[in-house]
Amino acid sequence: MDLLSQIFVEPFALMVEMPDLLVQTLWEGFVSGVLYALIALGFVLIFKASGVFNFAQGIMVVFSALTLVGFYAMGVPAILALVLAIGVMFVLAWTVERVVLRPLVNQPDIILFMATFGLTYFLIGFGELVFGGEPKQMITDELFLPTGATEFDLGGGYVRIQHLDVAAAVIASIMIAVLGVFFSKTRIGRALRAVADSHKAALSVGISLNQIWVIVWFAAGVVALVTGIMWGARSDVSFALQIIALKALPVLILGGFTSIPGAIVGGLIIGLGEKIGEFYWGPVVGGGIETWFAYVIALIFLLFRPQGLFGEKIIERV
Amino acid sequence: MSIRHLTIAAIAGAIVSTTALVAPASAQTEEGIYVPLLTYRTGAFAGSGIPIADGMHDYLTMLNERDGGIGGVRIIVEECETGYDTKRGVECYESVRANDPVMVNPYSTGITLQLIPRAAVDKVPVLSMAYGLSASADGETFPWVFNPPVTYWDGASVFVKHIAEREGGFENLAGKTVGLLHLDAPYGREPIPVLEALAEEHGFELKLYPVAAQDMQNQGSVWLNIRRDRPDYIYLQGWGAMNPTAVREAIRTGFPIENMIGVWWAGGDEDARAGGADAAGYKALSFNGAGADFPVMQDIITHVHDKGLSQFPRERVGDMLYNRGIYNSMLIAEAIRTAQEITGKDVVTGEDVRRGLENLNVSEERLAEMGMTGFAAPLNVTCENHSGNHQVFVAEWDGEKWTVGQDWTEPMTDRVRPLILAAAQEYASANAGWPMRTETCDN
């Protein structure tokens, strides 16, 4: 009886009793959701273009952020360091296309997937060699990102909104919108969709597969850089950050691997769901449910939509 | 050569050079005392692991450079990179074991737990300095395992003593709420039994806030729970990237930072510095001094840094975790020196050093000889008590550096020791065939 009360009564009573915490939880969930969506977007872009689940997306977040901080530590002004970091991500995209993807054309997807594993461990080792293993502080002020917080009273309590979180939500939303428009309205976007449907058909109408791959890997690199800046500003830039990229997995399961709107909606559902789940129902089992609860949410959705929220329903006739 | 070949060669070169950094060097053939250090300079916990690894390395190097080693025998120091991963740590142990180490320093509670059953069999003592299994302080049950100067349980008791003092006595703890914010790993869970026992005794409520390793930098939900429960104090038992994130989150959410007290592993300079000026008032337990104003530190600068033999930035000499590594190596060196005195041998073995560890007696005079007056408290280990339940102090971050916030404090040994003995018995019972102690006692 007590357990039933903890599950079905107390969480809702707490929501009514402490509305400030409910709003705070929703806000934290929203910010996390937007950032998860951004990470998931990096995966989706590459999956759409090459059918490859890019396991290296997480380390790209760390590598790009470390590059930015590393340039700044060398005395390069922050904005120029940002531009140079974007440049490094372009070089990385070009190198990946030349060294990893091009030689593996027409190989099974699993080979490409394994190649991204190799890329991950190479970037970890290379990054530690160049930047060292110690965490670095993100150059938040130098990049003109806001700090501080605004507090307002609500229901006898207070809600605290970090300015950095507002900036993260706004920048991530703009980024998602720009990429969404770019890949749905432009010629390159249409080419990307053609490549996603069929490599051979795309090649037959003159679309350069190699060029598209460089573009999507570069776009995924820029997404990784923005994610690294935002998450690094919330904590530190360390190699532990790459694990956060795995948060995108339930988002992808939920939203589908090929859908940009899916990544956005999936990110928000997972972000909000895990925060609410952890906060209101976590205490029932001693807390710490956030990590696996995200997968529970995704799997529940999968029961009803196996292809994900916006994933394409594939019918193969035999 | 094509671009592709060049690129492959470059990648291969990078991998080889990276591997050379993280793999143990080949066994050395020169005569000496072989001391392997299981360290982590890579991965998610490198932020905590690097200063400690450098501190351990630099003190032993200083002894080699200044004194020609210990008792005239050079120390052969070899690092093996574990990445704070238990499986890799055990692999490291296997790789160094063949070279007859005089002891092993796992630097991870998870790895220590794996090596405890191996120690007596392989005749390699385990030195888990203020970490590992608290129950291993019982020398009767664990004759090959040592965790001086204090256990996690001692640390938790000092934390409770500290908050009781701030509240005006233990009687005022009744009705208070205390949170344990911990890494959800064997290390993080270690203080729970003693905190539960003290909560029951003194009437405060204990709330647990586990943080999974993958969420070390994503603690938003945990801090919402903290805000809901409104604990009066938080005891932080974190590691790696978890600590600076916790300090930042405490500030972000408006938790009074002066009421958050970290265990000694949550007291790194970078942990506190992450919170900026607002982190002033954050506290952490410690058993070693901070700063470079000790003669021993000057010797390290002269004999190691000035000769370019250290990887640690000179301007950071004196960081709390760097100094902790130095303290750890001081224990290693003193155990070897004691073993040499007991056995009369210059080149000692693992069995000899086990006896050395069991007879460690670092007096105030000895600390002065080593240039460590005020750096550490006197310490002694006995056959029965492999930890010693020594004093620790509460250090306070002033916004730029750690300062000694209060005097050295005794743990609540009368409460902790019975729990340790009971837990040791429980461990032996749970592991069928756990050997009875047969090793002779020298004290």
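The values are calculated or read from the model by the stated rules, or taken from the named source; none is laboratory data. Because the structure is predicted, anything quoted here is derived from the model rather than measured. All Cβ positions, glycine included, derive from the backbone under ideal geometry; neighbour counts span all protein chains shown. What goes into the accessible areas is simple: the full protein's heavy atoms, side chains included, and nothing from ligands, DNA or RNA. Shrake-Rupley method; radii C 1.70, N 1.55, O 1.52, S 1.80 Å.
So, by mean Cβ neighbours within 10 angstrom, what's the order for B:51-61, A:100-110 with the highest one leading?
Most protected by this proxy first, the peptides run B:51-61, A:100-110.
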Neighbouring partner chain Cβ atoms per residue of B:273-283, average, 10 Å criterion: 1
C-alpha long axis of helix A:78-95 to longest principal axis of chain A, angle in °: 50 degrees
Residue B:382 accessible area, assembled protein chains, probe 1.4 Å, Å²: 40 Å²
Alpha-carbon centroids, region B:55-101 and region A:224-270: separation in whole Å: 40 Å
Pairwise label distance in nanometres, residue A:190 with residue A:295, each label 7 Å out on the Cα-Cβ vector: 4.2 nm
Label-point separation in nm, residue A:158 to residue B:171, each point 7 Å along Cα→Cβ: 3.5 nm
Sorted peptide list for B:270-282, B:302-314, criterion being average Cβ within 10 angstrom, highest first: B:270-282, B:302-314
Difference of contour (0.36 nm per residue) and Cα-Cα distance, residue B:306 to residue B:343: 9.8 nm
Along principal axes, Cα extents of region B:275-382, largest first, whole Å: 52, 33, 24
Whole-percent pair-distance distribution, where bins are 5 Å wide, for the alpha carbons of region A:125-250: 2, 8, 13, 15, 15, 13, 12, 10, 5, 3, 2, 1, 0, 0
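With a cap of 14 neighbouring Cβ atoms within 10 Å, and only residues DSSP puts in a loop, list the chymotrypsin sites (Phe, Trp or Tyr not before Pro) found in region A:221-293.
none
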Reachable lysines from residue A:48, criterion Cα separation under 20 angstrom, eight or more residues apart if same chain: A:185, A:200, A:247, A:313
Sequence-distant lysines (8 or more away, or on other chains) whose Cα lies within less than 29 Å of residue B:161: B:176, B:207, B:283, B:401
Exposed-site-free run, longest, chain A (rule: GluC sites (Glu not before Pro); DSSP loop; at most 16 other C-beta within 10 Å): A:143-311
Stokes-Einstein D (µm²/s) once Rh is taken as the Kirkwood radius of region B:54-96 over alpha-carbon pairs, at 4 °C in 1.567 mPa s: 111 µm²/s
Hull shadow area, averaged, chain B [alpha-carbon convex hull, nm²]: 23.1 nm²
Lys, Arg +1 and Asp, Glu -1 on Cβ, resulting dipole of chain A about Cα centre, debye, nearest 20: 1600 debye
Per-bin percent of Cα-Cα distances, region A:160-318 [5 Å]: 2, 8, 12, 17, 19, 17, 12, 7, 4, 2, 1, 0
Sulfur and carbon atoms: percent of accessible area, the protein assembly as shown [1.4 Å]: 60 percent
Ratio of the Cα radius of gyration of region B:329-443 to 2.2 N^0.38 Å, where N counts its residues: 1.31
Label-point separation in nm, residue A:171 to residue A:307, each point 7 Å along Cα→Cβ: 3.6 nm
Mean accessible surface per residue for region A:128-202, computed with a 1.4 Å probe while every protein chain stays in place, in Å²: 53 Å²
Solvent-accessible area per residue, Å², over region B:193-244 with all protein chains present [probe radius 1.4 Å]: 27 Å²
Stokes-Einstein diffusion coefficient of region B:179-257, Kirkwood radius over Cα pairs, 4 °C, 1.567 mPa s, in µm²/s: 102 µm²/s
Rounded to 5, percent antiparallel among DSSP beta bridges of the protein assembly as shown: 40 percent
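Considering every pair of different Cα atoms, what Kirkwood radius, in Å, is found for region A:29-71?
11.4 Å
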Fully extended contour minus Cα-Cα distance, from residue B:365 to residue B:205, at 0.36 nm per residue: 53.3 nm
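Rounded to a whole number of µm²/s, how large is the Stokes-Einstein D of the protein assembly as shown at 37 °C and 0.692 mPa s, given Rh as the Kirkwood radius over C-alpha pairs? Kindly include the intermediate steps, with their values, before the conclusion.
Working: Rh = 27.7 Å.
For the chosen part, D equals 119 µm²/s.
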Whether chain A is rounded, prolate or oblate, judged on the alpha carbon gyration tensor where a/c under 1.5 counts as rounded: oblate
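Would you mind giving the total buried accessible surface between chains B and A, with a 1.4 Å probe and ligands, DNA and RNA left out, rounded to the nearest 100 Å²?
Rounded to the nearest hundred, the buried surface is 3700 Å².
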Separation between Cα centres of region A:52-120 and region B:177-220, rounded to whole Å: 38 Å
GluC sites (Glu not before Pro) restricted to region B:354-432 and DSSP loop, no more than 15 other C-beta within 10 Å: B:384, B:400
